Amino acid sequence: MRAKPRARLMLGNEACAEGAIAAGVRFFAGYPITPATETAEVMARRLPEVGGVYIQMEDELGSLSAVVGASAGGVKAMTATSSPGFSLMQEFISSAIIGEYPLVVANVMRLGPGIGNIVASQMDVMQARWGAHGGLPMIAFCPSSVRETFELTIRAVNWSERLRTPVLLMTDGVVGHMREKVVIPEPGEIELWNRPLPAVPPEEYQCFDPGPDNVPAIPPFGGKYRVHYNAAIHDFRGVTTMADPKWCEYGVRRLAAKIEAHIDELTETHSVLMDDAEIAVFAYGPVARAAEASVRQAREMGIKAGLMRTVTLWPFPEKQVREMAKQVEVIVVPEMNLGQMVLEVERCAAGQAQIESVTRVDSMLITPKQVLDRITAVAPRRQIPWPS
Amino acid sequence: MQAKQWEVRLSGTGGQGLVTAGIILAEGAGIYDGKEVVQTQVYGPQSRGGASRSEVIISDEPVMYPEVTESDVLLAMSQEAADAYIHEQRAEGIVLVDSTFVKVVPETRAKVYAIPLTKIAREVARTEIVASIVALGALATLTGIVSQDGLEQAVLARAPKGTEEANRAALHAGFAAGHEVREQ
């Protein structure tokens, strides 16, 4: 007999659940919805094994409010849903932003609008940024593979704890329902971040008095520290000060600043064959895998194509895209929506490169050929040699 | 040896165990043989009755595009599946049809092997449910995309308690059937 292998073949949604458990999540409340349900199924089975709690709630509003409550109780908590459920959760995401409760929402995107279909899309990537009222900066990661789903779920939990803010994992029906190998690290091999705890005695503690990184310390409810959950504009003690413009301004700007201060750490992009590229493809999620295949095929045809894949949707990798736009002449942006992140690419390119949007909304994954067709369509104009 | 990527499509009717067969093939090649693998399937109303399919990409290198565009290996366990998928089959590859159900093989330039997979399953294991395991055994012999040893470990790891012997018998019957048609 061979030794028991460490790698496991895992569904994307299962990797999300296992990543969450590895990150220390011990509470999950959810409502089943295709194509996200397997995350809840695995959590229902696995959480009791590690001393955690799983609750199936009556709907998505209940799910996320239970998650906020568990987080307030001091437990790392999350939920998983798909697009229609994600819409229902926006109110509590906004509420958790101002209440500063760490939590993770995994959205396994399907096709919209409405109930749409149950397969796959990337149609909620702008909603991730702008869906919750208030328009504050969001953190959202987007995996291209099952292994990356595992890793980014851990990263999402870590950042939510460190910055006391909701973090989104924007996956989709393709990656969620795909099986690939994952090696689950030993517990000591994973770096875990925890929410900041008070360094002062209870009588000196103010629950929204931030540290130097603009993040307040947070003890669990029910101890000696007085903690207040307030989704209205409040002062350091958590007392409502919504009539005071100064507290309004301070509250909103501090919540933005605590995320903006970490943009360089948060934004991760991967470049393939970009060094001498004249045509770039900018992609995320499983579409980036089609894009990489197309870029390699283009190279075989003598076209200098390259790929920038982003794993961070939000904050948007502005610097990286700005630099790319100075280097290349064309940026092709394939997406499984009507063209959403292409707007950010256009904004950051600021006229420095020609932007080409490639869209697909039939619930199927974009193919390498679709991307390659656009690359070759724009390439000849660049490839005509100067007459000798 | 040059890196090789195999795109495998397992197709048939809902209830034939093709999604599980895809998982077992991916585990045999990926977990036990150490290859890179991606497994996907078609869910939805098609999963009971009608056409059903599961796909596995097996590679020496990380798999870029995760879905099968044209198959190198096609398993067709119903006439409908053979009719639907043979046109997305590469000429250099192979097609394995379950001759229990596939009576007319559509025209293809690929090498076609016909084995009565379901009939064999009934004979060696007294149940049709392991027909897809017979198929995996035959594919292992015919293509080498998964080692017989790796596949057997994957089959036994997935077999529900009490069904190990039926699955093992089906698998070995598949190995033998694959050998037999290759010699013809």
Original post:
Of the residues A:V174, A:V183, A:V252, A:V239, which is surrounded by fewer than 18 Cβ atoms within 10 Å (Cβ to Cβ) and within 14 Å of another protein chain (Cβ to nearest Cβ)?
Top reply: A:V183
**OP:** Starting from residues that are hydroxyl-bearing (S, T, Y) and touching a Phe, Trp or Tyr at 6+ places or on another chain (Cβ under 8 Å), keep the ones in region A:212-247 and report whichever is nearest to A:A96 (Cα to Cα).
**Re:** A:Y229
**OP:** Please work out if A:P35 is within 14 Å of chain B (Cβ to nearest Cβ) and open to solvent by 20 Å² or more (accessible area, probe 1.4 Å).
**Re:** no
**OP:** State the number of residues belonging to region A:278-331 that are free of Cβ contacts under 8 Å to residues at least 40 places away in the same chain, buried (at least 20 other Cβ atoms within 10 Å of the Cβ) and within 14 Å of chain B (Cβ to nearest Cβ).
**Re:** 2
Subject >> Qualifying positions in region B:83-103 - free of Cβ contacts under 8 Å to residues at least 40 places away in the same chain and assigned to a helix (DSSP H, G or I) >> reply: B:D83, B:I86, B:H87
Original post:
Quick one: which of A:G74, A:G51, A:G69, A:G24 is open to solvent by 10 Å² or more (accessible area, probe 1.4 Å) and free of Cβ contacts under 8 Å to residues at least 12 places away in the same chain?
Top reply: A:G69
Original post:
Checking A:I115 against (1) open to solvent by 10 Å² or more (accessible area, probe 1.4 Å); (2) more than 24 Å from A:H228 (Cβ to Cβ); (3) out of contact with any Phe, Trp or Tyr (no Cβ under 9 Å at 6 or more places or on another chain); (4) touching a residue at least 60 places away in the same chain (Cβ under 8 Å), which single condition isn't satisfied?
Top reply: (4)
**OP:** Those residues that are of a type outside the set (V, I, T) and either closer than 25 Å to B:V130 by Cβ or more than 11 Å from chain A (Cβ to nearest Cβ) (or both), I need them from region B:47-69; list them, please.
**Re:** B:S47, B:R48, B:G49, B:G50, B:A51, B:S52, B:R53, B:S54, B:E55, B:S59, B:D60, B:E61
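Across region B:19-34, what is the number of residues that are open to solvent by 10 Å² or more (accessible area, probe 1.4 Å) and without any contact (Cβ under 8 Å) to a residue 60 or more places away in the chain?
Number of matching residues: 2.
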Original post:
What do you reckon, is B:P106 in a loop (DSSP other than H, G, I, E, B) and open to solvent by less than 60 Å² (accessible area, probe 1.4 Å)?
Top reply: yes
Subject >> Complete set of residues in region A:259-277 that are more than 16 Å from A:S144 (Cβ to Cβ) and either crowded, with 24+ Cβ neighbours inside 10 Å or under 17 Å from the mean Cα position of the chain (by Cα) (or both) >> reply: A:I259, A:E260, A:H262, A:I263, A:D264, A:E265, A:L266, A:A277
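The values are calculated or read from the model by the stated rules, or taken from the named source; none is laboratory data. Because the structure is a prediction, the values reported are computed rather than measured. Cβ sites come from the backbone with ideal geometry, for glycine too, and all protein chains shown count toward neighbours. Side chains are part of the model used for accessible areas, which takes the heavy atoms of the whole protein and leaves out ligands, DNA and RNA. Shrake-Rupley method; radii C 1.70, N 1.55, O 1.52, S 1.80 Å.
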